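Visitor: Provided herewith is a single structure, encoded as structure tokens, for subsequent inquiry.
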Amino acid sequence: MNRRIFVMTAVAIALTTSMSARADHSFKHAALYKNPSCGCCEEYANYLRRAGYEVNVIPTHDLDKIKREHKVPEALDGCHTTLVGGYVVEGHVPLNTLNRLLTEKPKITGISLPGMPLGSPGMGGQKSGPFKIYEISNRSQQVYATE
């Protein structure tokens, strides 16, 4: 291989790697909307940060308004609302499921772990069984993942 082809190939690989790293990093920016007095939401934000996410926590008294603006049905309301990678992530969704969502990029609005289940990321207590994480989409109550 001549030197010119080698250099051009090396530059192309470096650019592709750089672009992939930027694309991978871009979905790790998250905005987490929470009630100002909620501590478990801060714990969830820290959980995401430990996994490499950059999390901007936004305290608000208009959490219900934010949920409705992002098409979260009341039945799927979680403790807080996170916007990440073009999706809405409702509640204490485990990292495996969040990463799956951001990798697979399904044509849905987002996912939800409704309520504040004990043992979920950011919550204290003992997990009593598998978590059902639901799709937020036009379909009704479709399970996206079980963890």
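The values are calculated or read from the model by the stated rules, or taken from the named source; none is laboratory data. Bear in mind that the values here come from a model prediction, so they are computed numbers and not experimental data. With ideal geometry, Cβ positions are generated from the backbone for all residues, glycine too; neighbour counts draw on all protein chains shown.
Visitor: What about VAL88, is it over 14 Å from TYR44 (Cβ atoms), in contact with a helix residue (DSSP H, G or I) (Cβ under 9 Å, 6 or more places away or on another chain) and crowded, with 22+ Cβ neighbours inside 10 Å?
Guide: So VAL88 fits the description; yes.
Visitor: Kindly establish whether HIS92 is under 11 Å from the mean Cα position of the chain (by Cα), closer than 18 Å to VAL143 by Cα and either at pLDDT below 95 or not small (Gly, Ala, Ser) (or both).
Guide: Yes.
Visitor: Restricting to the stretch 105-126, and then to whatever is in a strand (DSSP E or B) and not hydrophobic (A, V, I, L, M, F, W, C), can you tell me which residue is farthest from the chain's Cα centre (by Cα)?
Guide: So the residue we want is GLY115.
Visitor: Condition first: in contact with a His (Cβ under 6 Å, 6 or more places away or on another chain) and of a type in the set (A, V, I, L, M, F, W, C). Can you find one or more residues in the stretch 88-98 that meet it?
Guide: yes
Visitor: Quick check on the stretch 127-146. Is at least one of its residues in a loop (DSSP other than H, G, I, E, B), among the β-branched types (Val, Ile, Thr) and modelled with pLDDT of 95 or more? Break it down stepwise before answering.
Guide: Filtering the stretch 127-146 for residues in a loop (DSSP other than H, G, I, E, B) gives 127-131, 137-142.
Those still in the list that are among the β-branched types (Val, Ile, Thr) too: none.
No: the stretch 127-146 contains no residue that is in a loop (DSSP other than H, G, I, E, B), among the β-branched types (Val, Ile, Thr) and modelled with pLDDT of 95 or more.
Visitor: Hey, can you tell me all the residues within the stretch 41-65 that are among the acidic types (Asp, Glu) and either under 19 Å from ASN99 (Cα atoms) or surrounded by 13 or more Cβ atoms within 10 Å (Cβ to Cβ) (or both)?
Guide: GLU42, GLU43, GLU54, ASP64
Visitor: Looking at the stretch 66-108 only, could you name the residues that are touching a strand residue (DSSP E or B) at 6+ places or on another chain (Cβ under 7 Å), in contact (Cβ under 8 Å) with a residue 40 or more places away in the chain and on the phi > 0 side of the Ramachandran plot?
Guide: The answer is LYS71, and nothing else.
Visitor: Determine whether GLY124 is out of contact with any strand residue (DSSP E or B) (no Cβ under 7 Å at 6 or more places or on another chain), within 14 Å of TYR44 (Cβ to Cβ) and modelled with pLDDT under 95.
Guide: yes
Visitor: List the pairs whose first member sits in the stretch 109-121 and is free of Cβ contacts under 8 Å to residues at least 12 places away in the same chain, whose second member is small (Gly, Ala, Ser), and whose Cβ atoms are under 9 Å apart, counting only residues at least 6 apart or on separate chains?
Guide: LEU118/GLY124; LEU118/GLY125; LEU118/SER128; GLY119/GLY125; GLY119/SER128
Visitor: Out of (1) modelled with pLDDT of 95 or more; (2) under 13 Å from the mean Cα position of the chain (by Cα), the odd one out for LYS28 is which?
Guide: The number of the failed condition is (1).
Visitor: Out of the stretch 122-147, which residues are in contact with a Gly (Cβ under 7 Å, 6 or more places away or on another chain), surrounded by fewer than 21 Cβ atoms within 10 Å (Cβ to Cβ) and touching a residue at least 60 places away in the same chain (Cβ under 8 Å)?
Guide: none
Visitor: If I ask for residues that are surrounded by 14 or more Cβ atoms within 10 Å (Cβ to Cβ) and either out of contact with any Asp or Glu (no Cβ under 9 Å at 6 or more places or on another chain) or of a type in the set (Ser, Thr, Tyr) (or both), which ones from the stretch 66-85 would you list? Lay out the reasoning, then the answer.
Guide: Here is the first cut: in the stretch 66-85, the ones surrounded by 14 or more Cβ atoms within 10 Å (Cβ to Cβ) are 66-67, 70, 72-73, 76-85.
If the condition is that a residue be surrounded by 14 or more Cβ atoms within 10 Å (Cβ to Cβ) and either out of contact with any Asp or Glu (no Cβ under 9 Å at 6 or more places or on another chain) or of a type in the set (Ser, Thr, Tyr) (or both), then ILE66, PRO73, THR81, THR82, LEU83, VAL84, GLY85 are the ones that fit.
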